[in-house]
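Everything on this sheet refers to the single structure shown next.
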Protein chains: 2
Amino acid sequence: MEQYNKLQVEAIKCGSVIDHIPAKIGFKLLTLFRLTETEQRITIGLNLPSKKIKKKDIIKLENTFLTDEQINQLAICAPYVTVNHINNYQLVGKIFPVLPDYIEATLMLLNLVLN
Amino acid sequence: MEQYNKLQVEAIKCGSVIDHIPAKIGFKLLTLFRLTETEQRITIGLNLPSKKIKKKDIIKLENTFLTDEQINQLAICAPYVTVNHINNYQLVGKIFPVLPDYIEATLMLLNLVLN
């Protein structure tokens with residue numbers, strides 16, 4: 001039968017890649033931050049092998065650039081993620097989220113979603 | 001900066017590919033059928049271009065073969081999906097779900113999730 005490589009999900013041309021998400025957290029980030037509520041292409045890998053954290057999730061958002069505030073919010077769920085900004089298939093920025101000094105209202109919601 | 005192709009999410013070696021899911025339905029299938037509750041690798045593409053249905057979602061489940069019953073249940077949410085079984089990167093089976101003659105208990109739940 002035919003070779004199945006044609007269904008490969010390719011690298012994005014332009015947008016954000018949320019990388020090094022601990023396995024099992026990626027799907028929760030998608031839900032919590034409503035990342036799938038867009039017309040843009042999204043590619044997601046769950047339970048992928050990782051040298052850094054053994055098993056990771058990854059989310060690629062085409063034509064979407066996360067703001068610093070959004071990136072820092074990600075850190076509440078997944079402190080060691082990196083967010084890569086891509087332009088024309090090239091890495092043009094690498095952002096490490098910073099945990100906020102204090103967290104006010106989101107914890108109850110997070111607790112609901114993550115447990 | 002470095003070429004970003006290395007983060008490409010590749011084709012699966014062995015498992016099931018749920019293809020031609022209408023855009024916006026893929027994430028709901030993941031939730032409804034709890035497809036992410038596994039240790040196996042999953043790759044997902046949302047809002048991908050499709051000749052057949054313009055925009056589609058696709059879900060690739062590594063080392064997981066859906067049963068006929070599970071495949072037919074998918075058809076309730078997405079009647080025109082195809083499920084491809086892959087072995088050693090080759091397409092070894094193509095299954096078209098069949099809608100059951102009658103549906104008893106799942107409709108209420110579906111209505112809750114899909115709307």
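The values are calculated or read from the model by the stated rules, or taken from the named source; none is laboratory data. In this text, all values refer to a predicted model and were calculated from it rather than measured experimentally. Every residue, glycine as well, gets a Cβ built from its backbone with ideal geometry; the counts of neighbours run over all protein chains shown. What goes into the accessible areas is simple: the full protein's heavy atoms, side chains included, and nothing from ligands, DNA or RNA. Shrake-Rupley method; radii C 1.70, N 1.55, O 1.52, S 1.80 Å.
Matching residues to (1) open to solvent by 20 Å² or more (accessible area, probe 1.4 Å); (2) more than 9 Å from chain A (Cβ to nearest Cβ):
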residue: B:ASN63; (1), (2): yes, yes
residue: B:ILE71; (1), (2): no, yes
residue: B:ASN87; (1), (2): yes, yes
residue: B:LEU91; (1), (2): no, no
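Quick check on B:ILE12: is it among the β-branched types (Val, Ile, Thr), within 12 Å of the chain's Cα centre (by Cα) and under 24 Å from A:LEU48 (Cβ atoms)? First the steps, then the outcome.
Details: among the β-branched types (Val, Ile, Thr): yes; within 12 Å of the chain's Cα centre (by Cα): no; under 24 Å from A:LEU48 (Cβ atoms): yes.
No; evaluated as a whole, the condition is false for this residue.
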Top-ranked residue in region A:7-18 [being at the interface with another protein chain (Cβ under 7 Å from one of its Cβ atoms) and assigned to a loop (DSSP other than H, G, I, E, B); ranked as farthest from A:ILE76 (Cα to Cα)]: A:GLN8
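Going through region A:46-61 one residue at a time, which ones are more than 19 Å from A:LYS94 (Cα to Cα) and either surrounded by 19 or more Cβ atoms within 10 Å (Cβ to Cβ) or within 7 Å of chain B (Cβ to nearest Cβ) (or both)? Quick ask: steps written out before the conclusion?
At the first step, the residues of region A:46-61 found to be more than 19 Å from A:LYS94 (Cα to Cα) are A:46-49, A:54-55.
The answer is A:LEU46, A:ASN47, A:LEU48.
Output the residues belonging to region A:19-38 that are of a type in the set (Val, Ile, Thr), part of a loop (DSSP other than H, G, I, E, B) and within 19 Å of A:GLU62 (Cβ to Cβ). Quick ask: steps written out before the conclusion?
So in region A:19-38, the residues of a type in the set (Val, Ile, Thr) come out as A:21, A:25, A:31, A:36, A:38.
From what's left, part of a loop (DSSP other than H, G, I, E, B): A:25, A:36, A:38.
Result: A:THR36, A:THR38.
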